[in-house]
Amino acid sequence: MLFIQTVLFATAPLLAMTNPVAEVPLFLQLLEGKGQRDTFRAAVGVMFGVWAILCVASMGGLRFLTFLGIELSSFRAAGGLLLVVMGLEMLRGIEPESHTAKRSEDDAADALWVPLTMPLLAGPGAIVVTVSLTVRDPYMMAGVPMATIVAISLASLTVGCVLALAGFVGAHIHRRGTRILTRFSGLILVAIGFQMGFTGIAEFFSL
């Protein structure tokens, strides 16, 4: 039961950070004119891309920080500030430039990876959250943060399902509904960012 609670606690900020519903318009734009089978394949590819990026961040992020000589408390404080800034932008309804950029059919496939998979879905904010969750994961087995990996899998699966049903989602969720969801996710990110930042500052000064 405690493991499930830990997984759910870790999944919530990951879902808020990836926010796949907000990326449905861009996904549909990139796959304009494609059939349902192509849409499903693209959604699966993006899903595995998000899962791979976040798993790498979870398994090797802390080692990379140690190699650079960066303390975890400083990373948490900086990551919290990043989440607050990104959350405030989402609250203001600011969309990434890539949402409005027109792309040719030739580079649409590449755009599914950059910028959709990285950095819009598995971006710096999601990586910061993943590393922080890994450090606090109480279920470590042979160096593998089990709860965090399960949370990453659930978040990635949600991304895949939302994008696979992008046509349905886009037709039934009004533009206003997407903006409301984006602002709500931004509020969650601001709260998580402040908590993470203050925790990092307290750890840095040994409070």
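Any residue in region 118-131 that is modelled with pLDDT of 85 or more sitting within a Cβ distance under 9 Å of a residue that is among the charged types (D, E, K, R)? List the pairs, counting only those 6 or more apart or interchain.
Between residues of region 118-131 that are modelled with pLDDT of 85 or more and residues that are among the charged types (D, E, K, R), the close pairs are Leu121/Glu23; Val131/Arg76.
For Ala16, state whether it is modelled with pLDDT of 85 or more and among the small types (Gly, Ala, Ser).
It is true that Ala16 is modelled with pLDDT of 85 or more and among the small types (Gly, Ala, Ser).
Cβ-Cβ below 6 Å, separation at least six or inter-chain, first residue in region 57-85 and at pLDDT 80 or above, second surrounded by 16 or more Cβ atoms within 10 Å (Cβ to Cβ) and hydroxyl-bearing (Ser, Thr, Tyr): which pairs?
Ala57/Thr130; Ser58/Thr130; Ser58/Thr134; Ser58/Thr148
Taking region 11-45 only, how many residues are part of a helix (DSSP H, G or I) and within 12 Å of the chain's Cα centre (by Cα)?
Of the residues in region 11-45, 12 are part of a helix (DSSP H, G or I) and within 12 Å of the chain's Cα centre (by Cα).
Out of region 42-63, which residues are of a type in the set (Val, Ile, Thr) and surrounded by fewer than 16 Cβ atoms within 10 Å (Cβ to Cβ)?
Of everything in region 42-63, those that are of a type in the set (Val, Ile, Thr) and surrounded by fewer than 16 Cβ atoms within 10 Å (Cβ to Cβ) turn out to be Val44, Val56.
Quickly run through region 160-183 and pick out the residues that are at pLDDT below 80 and small (Gly, Ala, Ser).
Gly167, Gly170, Ala171, Gly177
So which of Val46, Val7 is in contact with a helix residue (DSSP H, G or I) (Cβ under 6 Å, 6 or more places away or on another chain), under 16 Å from Thr117 (Cβ atoms) and of a type outside the set (Gly, Ala, Ser)?
Only one candidate passes the filter, namely Val46.
The values are calculated or read from the model by the stated rules, or taken from the named source; none is laboratory data. A quick note: this is a predicted structure, and the numbers were derived from the prediction, not measured. Every residue, glycine among them, receives a Cβ derived from its backbone with ideal geometry; neighbour counts consider all protein chains shown.
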